[in-house]
1. Using Cα centres only, tell me the gap between segment 311-355 and segment 1-50 in whole Å.
2. Compute the accessible area per residue over segment 330-394, keeping the other protein chains in place, probe 1.4 Å, unit Å².
3. Quick one: net charge around R298, please, counting Lys, Arg +1 and Asp, Glu -1 for every other residue with C-beta under 15 Å from its C-beta.
4. Just V86, V116, V261 to compare: in a GNM of the chain, with alpha carbon springs under 10 Å, which one fluctuates most?
5. Have a look at L28, G56, L76 and report the one farthest towards the positive end of the charge dipole of the chain, computed about the Cα centre with Cβ charges (Lys/Arg +1, Asp/Glu -1).
6. Between segment 108-128 and segment 223-269, what's the alpha-carbon centroid distance in Å?
7. What is the ratio of the Cα radius of gyration of segment 1-142 to 2.2 N^0.38 Å, with N the residue count, to two decimals?
8. For the chain, what does the relative contact order come out to in percent, with C-alpha contacts under 8 Å and a separation of six or more?
Amino acid sequence: MNVTIIGGGLAGCECAYTLAENGINVTLYEMKPLKKSPAHHSDNLCELVCSNSLRGDRLENAAGLLKAEMRLLNSLIIKAADATRVAAGGALAVDRLKFERYVTESITAHPLIKVVSGEVTSIPDSRPLVIATGPLTSDSLSTDIQKLVGDEFLSFYDAAAPILSSDSIDMEYAYAGDRYGKGSGDYINCPMDKETYTSFRRELANAEEAHVHGFEDSKVFEGCMPVEVLARRGEDTLRFGPLKPIGLRDPRTDKGSYAVVQLRRDDAEGAMLNIVGFQTHLTFGEQRRVFTMIPALRNAEFLRYGVMHRNTFINSPKLLTPEYMLKTQSDVYFAGQITGVEGYTESAASGLTAALAIIRGEPLNLPPETALGALSRHISASASKDFQPMNINFGIIPKLDETIKDKSERCRKTSERALKMLNEWL
């Protein structure tokens, strides 16, 4: 058997590696470096185009549970993240470039994986086939996928946050620390008083946006809502979102702040920092003007400005089985954000699940109590009429039989049950 995979992102690489590690030959097509989308900058496979964080890594967090399950299944993406992690409190964040290189070397050096560079403009005849072209699928291939799935091809917009030089942060107006003291001072916190925050929010809400064809606020996935859109929603929306001051105390005054902007490492050395939750599609000039109103960022050097791009996904509940297989063609699979899973880890998980289905050649019947099972059930059987991308969360995992009032304990127990059931399934 030789499996063809289109797309060398998180889902495609995870799928290829899992298949190859189980003795199956893979041909992996990736259009880079010959062609790049507007959001891509690197020539490597598995480029992280938005944040460098894979989110939570504790069992009290659904994203942490998903990672734990993937570790049990020898996930390449999680191995790469663990090997290239940077300090980020309870989250699993990575050195972006080292992560990409780890995955690229693992894929290109594998004897059963052949990587073919160049754009795939139409769906090939080879089967089994995994379409893992991601949310930035090229226009030509999008057109061919549209023909395959009919009118169920959908899209929304996504945004990335700016990256700053750590040397340019004015630490006279900032301090290192983690929310509720959980961590080892991994975040740089930039506090604002009420007057500064009020002026900042006003300017942010009225700043000039870059023109994006067909863009509407309603077409943006809530999990990546541009910060300027949040600012327009009300005076305190940002303070209950990315600028929430809860759990942060300025060690210089031992007091809280009215609002706090957090910066997180984007590389192992901490030379680059991204502004947490500041996805944006403001013009570059407006990003500099408005974001430098934050006292600690008054002299900030922007290494990369925030950008806006279109993400594409299919109406998976109508089209896919829990194995991410097309209901109308048993040898065609989709994987990654094009299926409507949201997030790096979730994308990789879908590629891993599709690979396991190909290896087994039969329905997987993953326990719905596991994060992997709950995610595959969500994309194949969501009851919502308006299917939207979603991160893994405990809300889509069946509740425990026992009642536990403490949320952290309840989440941990849910995770422990999931890992026990996955081990039994294996």
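The values are calculated or read from the model by the stated rules, or taken from the named source; none is laboratory data. Please read all numbers here as calculations on a predicted model, not as lab measurements. Here the Cβ is made from the backbone with ideal geometry for all residues, glycine too, and neighbour counts use every protein chain on show. For the accessible areas, the whole protein counts, side chains as well, though only heavy atoms, and no ligand, DNA or RNA atoms are used. Shrake-Rupley method; radii C 1.70, N 1.55, O 1.52, S 1.80 Å.
1. Cα centroid to Cα centroid, the span is 15 Å.
2. 31 Å²
3. That sum, taken over residues with Cβ under 15 Å, equals -4.
4. Of V86, V116, V261, the Gaussian network model singles out V116 as fluctuating most.
5. In the chain, that residue is G56.
6. 43 Å
7. After normalising by residue count via 2.2 N^0.38 Å, the value is 1.05.
8. About 22 percent, as a whole number.
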